[in-house]
Amino acid sequence: MGRRRTWTDDDLIAAVHASCSWSQVVRTIGLAKGSSAFRTVQGHAARLGLDLSHLSTPGVTVKPARSVPDLDNEALVDAIRKSNSWAAVLRELGLDASGTTYKRVQCAATALAIDTATSLGRLGLLVP
């Protein structure tokens, strides 16, 4: 018999709704990152019929080894204030400019409700 779940369907629904990636969903409900955690969470999300279109790699098992490192919230705020583009934000944070990284950084900015209008907004680069 498997381990008893420490989170409810309602917890998962809220986590999926508020997250931008499977990693964020797993963290939000308190699971350790790993392929079994991703498969478990993705299976339950599918069982519940949740809209997963906003999550990175919907319906595909994420390989955590290639994930972007956790972002320092203060460093992200500082990088956005100093930058005039998302590419400059990534450079300021010392991150590679890949599509996944862009999405992760933009998602983090949205989740933290960081005002991107001051530096990035004048270029039309606000987080959607």
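Quick note: the coordinates plus some simple rules give every number you see, no bench work behind them. Nothing here was measured: the structure is a model prediction, and the numbers come from that model. Don't worry about glycine lacking a Cβ; one is built from the backbone with ideal geometry, like all the others, and counts go over all protein chains shown.
Miscellaneous remarks
- Computed label-point distance, nm, for sites K82 and A46 using a 7 Å Cα→Cβ extension: 4.3
- In order along the stretch 30-46, phi translates into HN-Hα couplings of x, 9, 6, 5, x, 4, 5, 5, 4, 4, 4, 5, 5, x, 5, 5, 5 Hz, rounded to whole numbers, per the Karplus curve 6.51 cos²θ - 1.76 cosθ + 1.60 with θ = phi - 60° and x for Gly and Pro.
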